[in-house]
1. For region 85-116 and region 231-283, what is the separation of their C-alpha centers, rounded to whole Å?
2. If packing is taken as the average count of other Cβ atoms within 10 Å, what order do 362-372, 37-47, 326-336, 295-305 fall into, highest mean first?
3. So what are region 1-129's ellipsoid semi-axes, whole angstrom, largest first, if each one is the square root of 5 times an eigenvalue of the alpha-carbon gyration tensor?
4. Calculate for the chain the 222 nm mean residue ellipticity that helices alone would give, adding -39,500 (n - 2.57) per DSSP H run of length 4 or more and normalising by residue count, nearest 500 deg cm²/dmol.
5. Sort the following peptides by mean Cβ neighbour count (other Cβ atoms within 10 Å, averaged over residues), highest first: 91-99, 65-73.
6. Please identify, among Leu141, Leu356, Leu196, the residue showing maximal mean-square fluctuation in a Gaussian network model of the chain using a 10 angstrom Cα cutoff.
7. Express the accessible area of the chain per residue in Å², computed with a 1.4 Å probe while the remaining protein chains stay in the model.
8. Count charges around Asn230 for me, please; just the other residues with Cβ under 9 Å from its Cβ, Lys/Arg as +1, Asp/Glu as -1.
Amino acid sequence: MVHLKTFDNGIRLVVQPMEGLLSVSMGILVGTGACVETDEEDGISHFIEHMMFKGTKKRNAFEISDEMDRIGAQVNAFTGKDLTCYYAKSITENAPKAFEILADLFLESTFPQHEMEREKGVVVEEINMTEDTPDDLCLDLFGEAYYGKTGYGRNILGTPENVKGFTQKDIKTYMSKRYTTDNIVIAMAGNIDIALAEDMVGKYFGGLAPTKADERKISVAGRHLSLVRNKDIEQIHIAIGYPSVCRGGELSEATQVMNSVLGGSMSSRLFQTVREKLGLAYTVYSYLSPYANTGTLTVYAGVNAKNYKKSVNAVYKCIDEIKKKYITEEEFVRGKEQMKASFIFAKESSSSQMLLYGKEMLYNNKLYNFDEKMNKINSVTLDDVIKAIGQNFDENNMAAAVVGKLDEPLKI
């Protein structure tokens, strides 16, 4: 049974015991990311994530990784638009040691100046790598085309100029506003004793003074533009997107089924038409990006430059067919089964369960309910999917981005 404990300082612990496993995944989730940053802070959430591994009061950067390796544990982190997560996975007998190291780097990082200067170079190279990865560049450009350069349109990595200018003071100021006890959830999933989990979290986090995150409004008033980035590359990369459901919104499950039919699988309309039938693209798919108060449905394709216009027409044709609200019973059933399978597969992964339970508590302050989720999926009807189609293709508020040897944006 899932266990929740809220400590006196506001930190929440969610534990999902999983029978039959010999390991445990542990995560520290913070409700902050690129979408809440100001222009001056652009990229700081991601930079802090990097710097957390560069030394604490009792360990240097090498000792953090070396001690994790000595117990066979895995440790890493990631930054998103509205979430930063630090996580570790270990065999059960080494969970106390793995969590102690994870807590140490999270709570006691010192951000050494020499490590900061070195890591700035690493992050700048990561930014440069994105410049050399046109599909990532295209999707970042789409975010800007849809939301603008702030909020959910903000680039997670930030700019080289910002990264080079970050100081220890900048890091500590930002963390004092966002790394607060009311904005932190600790999640564990796997072979872990609940009492031990409570003891570990209480030992390292229970004594923290209660703190509250500052309130930051996230603008969702998109610009809905079509942008182009000229790059001397062989392919043309295309992203086309529309307003979609927010996280947990009405028709969320129906929209996911619809997306599966459109471009969420190898049997989807986009894959079978654009790639298999016409041979115009190696990669083509659609995906949903739901956030707290907004969301998008995006179609991406990487196509041969000679077939650019033909490819765009083929993509639009698949979208138009969906917009006519024609989905077969077979497609509907297949989409539901794919969705159900993905949640069942996730249920058998401690890492996936840790993130599911952690995110649900962080975003909605409630326990993730697997049975409730499956009931919602099972109750989706074909009529629900038809209704979802009507809410996902607003041509007046769409956006697009293209990257390649082009001078003009995609017409929308």
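The values are calculated or read from the model by the stated rules, or taken from the named source; none is laboratory data. Please read all numbers here as calculations on a predicted model, not as lab measurements. Note that we place each Cβ from the backbone using ideal geometry, even for glycine, and neighbour counts take in every protein chain shown. For accessibility, only protein heavy atoms count, side chains too; no ligands or nucleic acids. Shrake-Rupley method; radii C 1.70, N 1.55, O 1.52, S 1.80 Å.
1. 38 Å
2. Numbers: 362-372: 13.5, 37-47: 20.6, 326-336: 15.9, 295-305: 22.2.
Result, highest mean Cβ count within 10 Å first: 295-305, 37-47, 326-336, 362-372.
3. Values: eigenvalues 143, 76, 36 Å².
The three semi-axes for region 1-129 are 27, 19, 13 Å.
4. Working: 14 runs with 173 residues, N = 412.
Rounded to the nearest 500, it is -13000 deg cm²/dmol.
5. Values: 91-99: 18.3, 65-73: 15.1.
Ranked from most to least packed, the peptides come out as 91-99, 65-73.
6. Looking only at Leu141, Leu356, Leu196, the biggest GNM fluctuation is shown by Leu196.
7. Accessible area per residue, the chain: 46 Å².
8. Combined, the nearby Lys, Arg, Asp and Glu give +1.
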